[in-house]
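Below: one structure, written as structure tokens.
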Amino acid sequence: MTINRRTFLGTSIGVAASLSAPMVMGAGHGRPKVVVIGGGAGGATAARYIAKDSKGAIDVTLIEPTRTYYTCFFSNLYMGGFRELSSIGHTYGKLAADYGVNVVHDWAVGIDRDAKTVTLAGGGSLPYDRLILSPGIDFVDGAVPGWDVSAQNKMPHAYKAGSQSELLKAQIESMPQGGTFCMVAPPNPFRCPPGPYERVSMVAHVLKEKNPTAKIIIADPKAKFSKMALFQEGWGNHYDGMIDWIGADFGGDNVQVDPDAMTVTIDGEETKVDVCNVIPAMKAGRICEMAGITDGNWAPVSGHTMQSRIDENIHVLGDACAQGDMPKSGFSANSQAKVAAMAVRGALTGSKVFPAKFSNTCWSLIDTDDGVKVGATYEATDEKIAKVDGFISKTGENAELRQATYEESIGWYAGITSDMFG
Ligand SMILES: Cc1cc2nc3c(=O)[nH]c(=O)nc-3n(C[C@H](O)[C@H](O)[C@H](O)COP(=O)(O)OP(=O)(O)OC[C@H]3O[C@@H](n4cnc5c(N)ncnc54)[C@H](O)[C@@H]3O)c2cc1C
């Protein structure tokens, strides 16, 4: 289905309006063409900024299969009962209606870098002058022995938000009294470094209320993790004795699971569990591999423009790219999208391009009104996106400051989602 300004306004029934086949812009159209694959934190922002700032001089098409994008950011808060699922769902109507972005709800299934075309699952192909890839992550096959995506209903990852988040939340809420929740945490680098540990905090928050004798085990292939001291202090303060973190030094890197038997074996010791959240090792969304622009698991880019180091007509944003010192976060993807949008406009319309600057903050909620954050600013060097300076919440902070940090995160969520979707 394609939605552009004309069809959106003409039908006035928004994104649900259905045309049977994707509209494919023919070659020979006068304006330069940008195709964006992936309508998440990176892709939606890039599409909006290019369309908005070029004032119609660039023809922007956004390819995204889902009609409602659920942000992974704040999906842990949904799991903890602090947000409704509907509050983290966003649609693409404004991008079409207010910014003239041609929104195509389909999968990109092929990229011909010589012909500069993108093939769609629904048929047809889209020509581009510049292509932006922001497809997020996929999982590395065989990363957790015993688990593959066919087991995701028994042992959900919930690392792409939406139905997986709903499933995991339902499983947590129906755990037997005194039952066991296990998380298999991912190795570096992965989407949202504090994400697994915020999730454990939110699971503990729910269990403390509904199932206070339940246990949480984290099998972690890492010896340390993001905001570790802050989380461990918070777990001690709020959920004392409930959470058992087994890091690499204690066998957390030697794990296998059996989704049928609902068992997890950590360093040879088998445990029966009631809920198992498997978050496998990650790599760039598959379309990057298909385009031949990865170097192993991630797509290398120049931080100056977010251009692929393999194909200068392609820019890669967000989790999919090898982004130097930046963490894989929604804030990072949004920040990188603005750098790419400026570079693309400069290349296609001659507009001025300023030196790339990036920023990121990752907030995490540990318990009610107990928010913490870590963040930094970055600049592009010829080698990578390099950290300039950073900050992190401190252990022992008072309750007022922690509440203010949580409230800051709520403001950030409203800001970034309106920056993405208009
Ligand atoms: C539990 C959790 C908590 C998080 N919390 C935070 C947080 O508090 N703050 C923060 O900044 N970040 C957070 N993140 C990280 C953040 O969600 C990601 O880093 C961010 O979404 C990355 O943006 P992206 O554009 O790379 O990918 P995404 O936002 O995942 O967007 C990718 C899009 O591409 C589409 N797509 C994929 N393949 C194709 C294809 N072939 N054709 C067409 N479309 C395709 C997908 O449908 C998807 O909509 C969290 C993540 C998780 C899992």
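Worth pointing out:
- By the equivalent-ellipsoid construction on the alpha carbon gyration tensor, the chain comes out with semi-axes of 38, 23, 21 Å, ordered largest to smallest.
- Peptides 366-379, 258-271 ranked from most to least packed, by the mean per-residue count of other Cβ atoms within 10 Å: 366-379, 258-271.
- Rounded to the nearest 20 debye, dipole of the chain from Cβ charges on Lys, Arg, Asp, Glu: 1640 debye
- Helix 41-54 and the long axis of the chain differ in direction by around 30°, with both axes built from C-alpha atoms.
- For the stretch 236-253, 3J(HN,Hα) per residue [Karplus equation, 6.51 cos²θ - 1.76 cosθ + 1.60, θ = phi - 60°, Hz, x = Gly/Pro]: x, 5, 9, 10, 4, x, 7, 10, 10, 8, 10, x, 4, 5, 10, x, x, 9
- Helix-only arithmetic for the chain: the sum of -39500 (n - 2.57) across DSSP H runs with n ≥ 4, divided by the residue total, places the mean residue ellipticity at 222 nm at -9000 deg cm²/dmol.
- Ordering 84-90, 397-403, 97-103 by mean Cβ neighbour count within 10 Å, with the highest value first, yields 97-103, 84-90, 397-403.
- Rounded to 5, percent antiparallel among DSSP beta bridges of the stretch 142-280: 40 percent
- Size of charge dipole - the stretch 29-157 - debye, nearest 20, with Cβ of Lys, Arg +1 and Asp, Glu -1, no other charges: 400 debye
- Relative contact order, whole percent, for the chain stands at 18, derived from Cα pairs under 8 Å and 6 or more residues apart.
- On the beta carbon distance between residue 149 and residue 391, with R0 = 30 Å, the FRET formula returns roughly 0.20.
- Modelled spin-label separation between residue 270 and residue 289, with each label point placed 7 Å from Cα along the Cα-to-Cβ direction: 3.1 nm.
- In terms of the mean number of neighbouring beta-carbon atoms within 10 Å, the peptides 344-356, 155-167 order highest first as 155-167, 344-356.
- Tilt relative to the chain, helix 163-173 - C-alpha long axis, 0 to 90 degrees, to 10: 10 degrees
- Cut-off under 5 Å, modelled amide H: who pairs with residue 62 long-range: 36, 102, 103, 104
- Taken one residue at a time, the phi angles of the stretch 178-191 give Karplus couplings (6.51, -1.76, 1.60, θ = phi - 60°) of x, x, 10, 9, 10, 10, 9, 7, x, x, 6, x, 8, 4 Hz. Gly and Pro are set to x.
- Rounded to whole numbers, the Karplus 3J(HN,Hα) couplings from phi for the stretch 381-389 are 10, 5, 8, 6, 8, 10, 5, 9, 7 Hz, using 6.51 cos²θ - 1.76 cosθ + 1.60 with θ = phi - 60°, and x at Gly and Pro.
- In this structure the amide hydrogen of residue 244, modeled in the peptide plane, comes within under 5 Å of the amide hydrogens of 216, 217, 218, none closer than 5 places in sequence on its chain.
- Using the Cβ-Cβ distance between residue 125 and residue 263 with R0 = 41 Å, the FRET efficiency computed as 1/(1 + (r/R0)^6) comes to roughly 0.30.
- Relative contact order (%) - criterion: Cα under 8 Å, at least six apart; region: the stretch 30-169: 28 percent
- Inter-part distance where the stretch 130-150 and the stretch 205-271 are each reduced to a Cα centre, Å: 23 Å
- Fraction of antiparallel bridges per DSSP, the chain only, in percent to nearest 5: 60 percent
- Counting only Cβ charges, +1 for Lys and Arg and -1 for Asp and Glu, the dipole size of the stretch 142-280 around its Cα centre is about 460 debye.
- Angle between the chain longest axis and helix 399-421 axis [Cα atoms, degrees, rounded to 10]: 30 degrees
- Share, in percent, of DSSP beta bridges within the stretch 211-294 that are antiparallel, nearest 5: 65 percent
- Sequence-separation-based contact order of the stretch 142-280, relative, with Cα cut under 8 Å and 6+ spacing, percent: 36 percent
Coordinate-derived values only; no laboratory data. Being a predicted model, the structure only gives us computed values, none of them experimental. In this analysis, Cβ positions are derived from the backbone assuming ideal geometry, glycine residues included, and neighbour counts consider all displayed protein chains.
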